[in-house]
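The values are calculated or read from the model by the stated rules, or taken from the named source; none is laboratory data. Predicted, not measured: the structure shown is a model, and the values here were computed from it. Ideal geometry is used to build each Cβ from the backbone, glycine not excepted, and the neighbour counts take in all protein chains shown.
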Amino acid sequence: MVAIGSKTAFFYGRVSTENQAGANHASLETQEARARAYCDANGYVFAHAFIDVQSGRRDDRTQYRLMVDRALAGEADVIVVQFLDRFGRKPREILRRYWDLEERGVAIVATDEDVSEELMLLMRAGLAGAESRRTSERVRSYMASRAAKGIHFGRAPYGYRRTKINDEVTWAQEPAEAETVREMFRLSTEENLGHKSVSDRLNAMGYISRTERPFAAYTIQHILTNPALAGRWSTGRPRRWQASPSSSSQR
């Protein structure tokens, strides 16, 4: 006998694959058993079970969409899941659906965790992600405006040092590093040595890197392939640059 005023509950269960199990990925049978026990303990009427075997990152899950539509139509007061990640894997989708359902008077509850805490984590993650995107966009915009004006920024590449003339920051050649770069190019082009052989030769000749450590092959590769040393300034697209310390006019 159903008590007057009892709330109607939908159960939503999901696994990504038929064989999925383990922590936070319990079998569908376990998820439903937990939901039924939760409904019994809280006086909810277990009205229907909606099951998907599909990734939670997909918003077009058939049973998920059907459950949401029927709940929004007023057929349920509560949606029960074992864990909130069964409801979905995309924070934006979870929050949007949670608020949509809440506005219609439909609550989402989890049998094995505090939904409010999980939602707070999702909101913080979403806010942090949005702020990170805004910060990245501001940085890219700033760098693009500086590059368009031909203004140097960031760390000077090997062969250069940062200098300041009045209020403008620019890069000037670092004589010792410029000599090292020229020797790298000579060994690479005239003696046709690979990066490892170039690093071995430089180390044997007593050259040292900016960190005062022996040169490694990947360091040689990074320096020789830096577009700055070919006279190009690259910030996503080629930009103008000073003459390279490896140019023949400086030998």
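Please determine whether any residue of region 75-84 is closer than 25 Å to E29 by Cβ, part of a helix (DSSP H, G or I) and touching a strand residue (DSSP E or B) at 6+ places or on another chain (Cβ under 9 Å). Spell out the reasoning first.
Of the residues in region 75-84, the ones closer than 25 Å to E29 by Cβ are 75-84.
From what is left, the residues that are part of a helix (DSSP H, G or I) are 75, 84.
Keeping just the survivors that are touching a strand residue (DSSP E or B) at 6+ places or on another chain (Cβ under 9 Å) gives 75, 84.
Among the residues of region 75-84, at least one is closer than 25 Å to E29 by Cβ, part of a helix (DSSP H, G or I) and touching a strand residue (DSSP E or B) at 6+ places or on another chain (Cβ under 9 Å), which makes the answer yes.
Wholly within region 98-211, which helices (runs of 4 or more DSSP H) include no fewer than the required count, namely at least 1 residues that are at pLDDT 80 or above, in contact with a helix residue (DSSP H, G or I) (Cβ under 8 Å, 6 or more places away or on another chain) and hydroxyl-bearing (S, T, Y)? Before you say what the answer is, go through the steps one by one.
Values: elements: 115-148, 175-189, 195-204.
So the answer is 175-189, 195-204.
State whether the residues of region 181-194 include one that is closer than 20 Å to R162 by Cβ, assigned by TED's automatic domain parsing to the domain that holds Y158 and not polar (S, T, N, Q). Yes: region 181-194 contains one or more residues that are closer than 20 Å to R162 by Cβ, assigned by TED's automatic domain parsing to the domain that holds Y158 and not polar (S, T, N, Q).
In the set R92, R86, R65, which member is closer than 21 Å to D112 by Cα, assigned by TED's automatic domain parsing to the domain that holds R34 and among the basic types (K, R)?
On inspection, the qualifying residue turns out to be R86.
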